[in-house]
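Please read the structure below before turning to the comments.
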Amino acid sequence: MLRACGAGVGPQLLRAALGLGAWPGPERAASGTRGQGWLQPAGHDTGVKVYNSLTRRKDPLIVGSADAASWYSCGPTVYDHAHLGHACSYVRFDIIRRILTRVFGCNIIMVMGITDVDDKIIKRAGEMNVSPASLANLYEENFKQDMAALKVLPPTVYLRVTENIPHIISFIEGIIANGHAYSTAQGNVYFDLRSRGDRYGKLVGAVPSPAAEPVDSDKRHPSDFALWKAAKPREVFWASPWGNGRPGWHIECSTISSLVFGSRLDIHSGGIDLAFPHHENEIAQCEAFHQCRQWGNYFLHSGHLHVKGKEEKMSKSLKNYITVKDFLKTFSPDVFRLFCMRSSYRSAVDYSDGTMLEAKHLLLAAAAFIEDARAYMKGQLVCGPVGEGLLWERLRHTREAVKAALADDFDTPAAVDAVMDLIHRGNGQLQARTKEPSGPRSPAVFGSIVSYIEHFFETVGISLADRQFVPGDGSQAALHSVVEELVRFRLKVRQFALASGKATGEAQRQQRLDRQPLLEACDALRQDLTAHGISIKDRSSTSTWELLGQDRRPGS
Ligand SMILES: [Zn+2]
């Protein structure tokens, strides 16, 4: 486990302790102080201007390196099915990620934290009489399935909170050592907000007054927030220097992001409801731990999905949500994606069947045009002479307009409008149909337009050719969870078999001998499961598993 050693506990120490080298890319260097003390980072200018919640204006997006832009995304708390409100945020950021990668040439490393222990998970697991770990596992798989069904690219790596408890404890120790947190007699650890002075509140400006604290609160100040929560009776817990307990919510993201990216993070994303207190607290924790002036350089926030005609956002607590699975029974993921693109990712957007149908009709219109243009190219659709010069000019103009729109804070509505305008003009040229071919033909310009439009939609993850989606029946997810349970059980048995405990000498030898059959059974299970295409790997303190591809299975 990592130990903090006085002031200045920094990312290099964390990385070194985790066996990682120095983070590549240019050192953070301020090229000038702008706005509210925000430091414009040094590095690679992507050519995109992005609305940065830290400055509340559009800033040039400068990442550490075009080969390794770092992006942290807050992930789900896995206690229930994902609904369309969550999906909207993830799809919008997926579109942005694809644009940055494919239009502006950034290689993005995306890390997503999964909150798999939390009050809601514990409560729901209690109601269902299953362990919090099983419940979290079930809904994590569900989440991943929903994201795959919506064609959201997975992050480069998912990190689960429960698999990073030692790192979280070390991170808290670092903050305490740097003088920004304190532990209490009750076994809680709180962030000392007053120690941050006026540096707290970078994101939201004025800090909202805290909710009333219970009289038995052991905080020094009502605004202080928990980094470590002492275990309550019958709750899942981990041992720590402050007694048994579990991490607070905000500390998870700070630790997981720092674990991979150290003290510099290019992009941080999440729904606007996470800005306060979650992201504000992430910033406070990271800058206190790394002893740096600026940890995350760009905070991107997506707007809420509203239920049409109501002021309220779609949420579980308001019970006004539509699950991703239910939505996909009626509409395709491509329709949802286009619906998301027709508003700025930052704006609140109304959900209704009508707005979905509009998106569907636009997709159908694009597909119909492509079909007609192909028919024209093949000589099946015959029309009079087309204004070829005009079309070439429109195509060039559209390319420029789309790129300019995307570079302006990912203005997808303007980009879609430009493409639909091109389609409209292309259609106009194909309307003058005649029975007999006459005059010169212009297949090249239509080929070029078709190719461009298909490329545009493919860039943002929309397929014009395949707009049908058949949802799965869920049995895959169930099987996945069963294997997960089995591997976790095996891990416990194996750790018990390998533990030496307090025994020494002859007693230890006898103990090993007694437990040998358990180890053999674990090995046999691992071996036998390969026949079913499941490969278990025993790592230093855990076991992982993966499905083997057909060609890697024994006997194939
Ligand atoms: Zn987070």
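The values are calculated or read from the model by the stated rules, or taken from the named source; none is laboratory data. Here the structure is a predicted model, which is why all the values come from computation and not from measurement. Note: ideal-geometry Cβ built from the backbone for every residue, glycine included; neighbour counts use all protein chains shown. The protein model used for the area step is the full one, side chains on, heavy atoms only, and it has no ligands, DNA or RNA in it. Shrake-Rupley method; radii C 1.70, N 1.55, O 1.52, S 1.80 Å.
Name the residues in segment 263-274 that are in contact with a Ser or Thr (Cβ under 6 Å, 6 or more places away or on another chain) and either within 18 Å of Gly85 (Cβ to Cβ) or within 11 Å of the ligand (Cβ to nearest atom) (or both), would you?
Ser269, Gly271
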> Looking at Val152, is it part of a loop (DSSP other than H, G, I, E, B) and open to solvent by 40 Å² or more (accessible area, probe 1.4 Å)?
Replying inline: no
> Does Lys319 satisfy the criteria of being farther than 29 Å from Ile62 by Cβ, touching a residue at least 40 places away in the same chain (Cβ under 8 Å) and open to solvent by 10 Å² or more (accessible area, probe 1.4 Å)?
Replying inline: no
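For segment 289-301, indicate whether the set of residues that are assigned to a helix (DSSP H, G or I), within 16 Å of the ligand (Cβ to nearest atom) and surrounded by 22 or more Cβ atoms within 10 Å (Cβ to Cβ) is non-empty.
Yes, there is a match, as at least one residue in segment 289-301 is assigned to a helix (DSSP H, G or I), within 16 Å of the ligand (Cβ to nearest atom) and surrounded by 22 or more Cβ atoms within 10 Å (Cβ to Cβ).
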>> If Leu464 meets every condition in (1) under 30 Å from Glu388 (Cα atoms); (2) modelled with pLDDT of 90 or more; (3) surrounded by 12 or more Cβ atoms within 10 Å (Cβ to Cβ); (4) not hydroxyl-bearing (Ser, Thr, Tyr) apart from one, which number is that one?
In response: (2)
> Can you pull out the residues in segment 344-384 that are open to solvent by 20 Å² or more (accessible area, probe 1.4 Å), in contact with a strand residue (DSSP E or B) (Cβ under 7 Å, 6 or more places away or on another chain) and within 17 Å of Leu84 (Cα to Cα)?
Replying inline: Arg346, Ala348, Asp350, Tyr351
>> Checking Glu127 against (1) among the acidic types (Asp, Glu); (2) in contact (Cβ under 8 Å) with a residue 40 or more places away in the chain; (3) more than 16 Å from the ligand (Cβ to nearest atom), only one condition comes out false. Which one?
In response: (2)
>> Can you tell me which condition Val78 does not meet? The list is (1) surrounded by fewer than 22 Cβ atoms within 10 Å (Cβ to Cβ); (2) within 16 Å of the ligand (Cβ to nearest atom), and all the others hold.
In response: (1)
> If you check Ala404, Ala414, Ala497, Ala418, which single one turns out to be touching a strand residue (DSSP E or B) at 6+ places or on another chain (Cβ under 9 Å), modelled with pLDDT of 90 or more, part of a helix (DSSP H, G or I) and among the small types (Gly, Ala, Ser)?
Replying inline: Ala414
